[in-house]
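For reference, the structure is listed below as structure tokens.
The values are calculated or read from the model by the stated rules, or taken from the named source; none is laboratory data. Everything numeric in this text was worked out from a predicted model, so none of it was measured. Ideal geometry is used to build each Cβ from the backbone, glycine not excepted, and the neighbour counts take in all protein chains shown. Note: areas computed on protein heavy atoms with side chains; ligands, DNA, RNA excluded. Shrake-Rupley method; radii C 1.70, N 1.55, O 1.52, S 1.80 Å.
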Amino acid sequence: MTIRRFLIALALTLPAALASFAQPLPVVFKDVNVVSMTTPKVAKKMTVIVQNGTIQEIFASGRALPANATIVDGTGKYLMPGLADMHAHIPPANAAGNVLNDVLFLYLANGVTTVRGMLGQPGQLDLRTQQKRGTLVSPNLYLAGPLFNGTTINSTQDAIDRVKLQKMEGWDLLKVHEGLTVAEYDAMAKTAHEVGMRFGGH
């Protein structure tokens, strides 16, 4: 299996599969070669049944298929678990041209189905809402809020208030950069723990 062959196969099957995942009816990948993360061997000519975004069953091809299923012909193609990019920078929602949609599509076309955005921008929470509703072609989005750094935080109270604000706004985690004092960092970490938010950065 070559990377090029996998990407071509994914690009050909992805639009139909994405449209079907939004429906309650099952999606069947038929006669597909399954790449597992638990064994080096490729399971050839398998059938994979997915419903409501969850794998229900994997078995050797040959059995009867659900009568109401959407069938994706996997002959000569490969199916693998989605990859995750844990430190991504998603373009702003108002990026010029079609940059945002192109970036989100390219993640999927390269097998990346989960992205952790590490620099919060205006409009990104709306993108996450659209993705969850199935109205945006996008990987699953987990979003850090705007930066905590020496410019945005000037006191321990600033740190506390910014954590609480980002929790209220609905960000998934906090992004910490350089420039915080020890006291400011500790205040951020303590408040994040109290409100149930994770933080990360560099």
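As a fraction of the 1.4 Å probe accessible area of the chain, surface on carbon and sulfur atoms comes out at 57 percent.
If r is the Cβ-Cβ distance from VAL99 to THR39 and R0 is 30 Å, what FRET efficiency results, to the nearest 0.05? It comes out at approximately 0.20. Near LEU119, the amide H atoms lying under 5 Å from its own belong to ILE90, ALA144; only residues 5 or more places off or on other chains count, and H is placed 1.01 Å from N.
Between GLY145, GLY97, GLY170, the Gaussian network model of the chain with springs among Cα atoms under 10 angstrom shows the greatest mean-square fluctuation at GLY97.
Using the Kirkwood radius built from alpha carbon pairs, what does the Stokes-Einstein equation give as D for the stretch 88-188 at 20 °C and 1.002 mPa s, in µm² per second? The calculation lands on 148 µm²/s. Bridge orientation summary for the chain: considering DSSP beta bridges with both residues in this region, about 35 percent are antiparallel.
DSSP beta bridges fully contained in the stretch 24-104 are about 65 percent antiparallel.
For PHE59 and ARG198, what is the calculated FRET efficiency with R₀ set at 35 Å and r taken between the beta-carbons, to the nearest 0.05?
Numbers: r = 38 Å, r/R0 = 1.08.
Using R0 = 35 Å, I get an efficiency of 0.40.
Over the Cα atoms of the chain, each weighted equally, I'd like the Debye log10 I(q)/I(0) at q = 0.15 Å⁻¹, rounded to two decimals. At q = 0.15 Å⁻¹ the computed log10 ratios are -0.94. For LYS45, the lysines whose Cα falls under 25 Å of its own Cα, not counting residues fewer than eight places away in the same chain, are LYS30, LYS77. Within the stretch 153-202, all pairs of alpha-carbon atoms sorted by distance into 10 Å bins from zero give the percentages 29, 62, 9.
Using unit Cβ charges (K, R positive; D, E negative) and no other charged atoms, how large, in debye to the nearest 20, is the dipole of the stretch 77-202 about its Cα centre?
440 debye
A simple count of charges around GLY74, restricted to other residues whose Cβ falls under 11 Å of its Cβ and scoring Lys, Arg +1 and Asp, Glu -1, yields +2.
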